[in-house]
Amino acid sequence: MIASDFQPFSLVDDKGFRRYTHALNPMYAIRSRKTLSQRIIPGLYDRERAALQERVQKAIAVCLTTDCWTSRTTTSYMSVTCHLVEKFKMVTCLLDCFEFSERHTSENLAEELLKVAKEWNVENKVVCCVSDNAANITKAIKTLKWTHHPCLAHTLNLVVRDALKVMKPTADKVKGIVEFFHRSTTATQKLKSTQQQMGMPELKLKQECITRWNSTFHMLKRILESKDAVISTLAVINAPVDPLSQEEWEVLQEACTVLEPFEQVTVEISADSYVTASKVLILCKGLQKVTAEHQTRVTTGKVKELVDALCVSMDRKFHRMEWNTVLSETTILDPRFKKLAFTDREEKQDQPLKA
């Protein structure tokens with residue numbers, strides 16, 4: 001229960017839990033925190049790890065995903081996840097997640113990746129390794145002679161985050177308004193009451209996370225959903241923030257319309273219970289097509305710049321993506337798509353031979 005529900009060991013000392021357990025079975029002796037932490041949980045971990053290692057070793061081939069990040073306490077971590085097919089179903093398991101205090105050079109990253117792979121006896125079974133677009137991890141994977149594929153969600157994050165720079169002043173205004181409401185309980189309560197008076201849903205404004213572009217999208221979309229209540233509340237309390245002009249509200253509305261497909265693709269490609277590689281070509285071409293169509297639809301200057309920046313960036317990032325062996329073979333072997341994703345006639349003719 002503690003492992004499955006991520007409960008603290010201190011649960012066994014809680015009076016309510018002890019009374020509840022006693023009511024269920026007065027004869028049951030609750031284990032102590034020491035017994036849990038030093039014997040029961042480590043024993044459970046060893047048994048689960050051994051069972052998982054046996055399943056992983058039976059796999060003919062595996063794919064790995066890896067990432068590095070820094071916590072709020074400035075501690076650096078690295079994770080390695082394994083994906084395999086078992087009884088016609090995709091299985092995902094975390095092989096390791098550990099503190100990584102060394103410099104993030106390609107050599108150090110390659111060493112740690114190989115160490116984990118050898119520990120699980122999959123170093124010769126890796127058919128593909130997915131990571132972000134950072135040069136160090138890309139070089140590390142290529143050093144190990146594994147096929148590398150960049151994470152599409154991370155690529156989209158780079159594309160949209162860079163394009164959003166053209167409307168940074170407006171986005172900064174929104175960010176300032178959101179931060180004001182999060183700092184002021186009085187303003188938050190006034191916003192809530194104003195939403196009630198206007199018959200609007202009581203929605204809290206959302207803050208952005210600088211590492212995730214779609215958090216900016218959610219921030220912009222949420223403030224649009226509460227537009228009238230926000231304008232009224234800021235005017236009534238005479239808030240010390242820069243208000244948005246009517247033109248800037250129109251920019252936000254059009255920008256969210258343009259960015260909505262990117263959010264949908266990000267959600268779709270981030271799934272962890274089914275394979276997504278065969279969808280990449282279709283989704284990327286769809287994004288390029290729908291974004292290009294916006295070039296003749298948007299009316300505000302800033303959003304036109306946004307659309308142009310998105311198109312240019314995607315043309316660069318997605319250039320000759322059809323020639324990527326991993327993506328082309330998975331797409332053509334997917335009965336839903338087959339040759340639909342290929343616009344290059346030569347590449348379309350080539351793939352059946354490769355597959």
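From the square roots a ≥ b ≥ c of the eigenvalues of the alpha-carbon gyration tensor of the chain, which class results: rounded (a/c under 1.5), prolate (a/b over b/c), or oblate? It comes out oblate by the Cα gyration axes. Taking the simple approach of a point 7 Å from Cα along Cα-to-Cβ for both Ser76 and Gln189, what is their distance in nm? In this crude label model, Ser76 to Gln189 measures out at 4.7 nm. Loop-located GluC sites (Glu not before Pro) in segment 135-238 (DSSP state other than H, G, I, E, B) with a sparse environment of at most 14 neighbouring Cβ atoms within 10 Å: Glu202.
For a modelled paramagnetic label at Met90, 7 Å from Cα along Cα-to-Cβ, the residues of segment 114-148 in reach, with backbone nitrogen under 16 Å, are 127-131. Segment 15-37 and segment 43-75 have Cα centres lying 31 Å from one another. For segment 234-332, the list of chymotrypsin sites (Phe, Trp or Tyr not before Pro) that fall in a loop by DSSP and count at most 14 other C-beta atoms within 10 angstrom reads Tyr274. In a simple Cβ point-charge model (Lys, Arg +1; Asp, Glu -1; nothing else charged), the chain has a dipole of about 840 debye relative to its Cα centre. Assuming a ≥ b ≥ c are the square roots of the Cα gyration tensor eigenvalues, decide whether segment 244-345 counts as rounded (a/c under 1.5), prolate (otherwise, with a/b larger than b/c) or oblate. Cα axes put segment 244-345 in the prolate bin. Surface analysis of segment 5-130 yields an accessible area of 69 Å² per residue, using protein heavy atoms and a 1.4 Å probe. For segment 185-262, the solvent-accessible area works out to 54 Å² per residue, with a probe of 1.4 Å and every protein chain left in place.
Roughly how many percent of the accessible protein surface of the chain is carbon and sulfur, given a 1.4 Å probe and a whole-percent answer? Heavy-atom surface of the chain belonging to carbon and sulfur, 1.4 Å probe: 53 percent.
Qualifying GluC sites (Glu not before Pro) in segment 1-105, where qualification requires a DSSP coil assignment and no more than 14 other C-beta atoms within 10 Å, comprise Glu102.
For Phe337 and Asp172 in the same chain, what is the full-extension length gain: residue separation times 0.36 nm, less their Cα-Cα distance, in nm?
55.3 nm
Per-residue SASA remark: Ile231, around 80 Å² accessible (1.4 Å probe; ligands, DNA and RNA not included). The relative contact order of segment 185-259 comes to 30 percent, based on Cα pairs under 8 Å that sit 6 or more residues apart.
Cross-linked pairs Lys142/Lys304; Lys115/Lys279; Lys221/Lys285; Lys204/Lys289; Lys145/Lys317: Cα-Cα separations exceed 30 Å for Lys142/Lys304; Lys115/Lys279; Lys204/Lys289.
The label-point distance for Asp5 and Glu293, in a model that sets each label 7 Å from Cα toward Cβ, rounds to 4.8 nm.
The values are calculated or read from the model by the stated rules, or taken from the named source; none is laboratory data. Here the structure is a predicted model, which means the values were calculated and not measured. Cβ atoms come from the backbone with ideal geometry, glycine included; neighbour counts cover every protein chain shown. Side chains included, ligands, DNA and RNA excluded: accessible areas come from the protein's heavy atoms. Shrake-Rupley method; radii C 1.70, N 1.55, O 1.52, S 1.80 Å.
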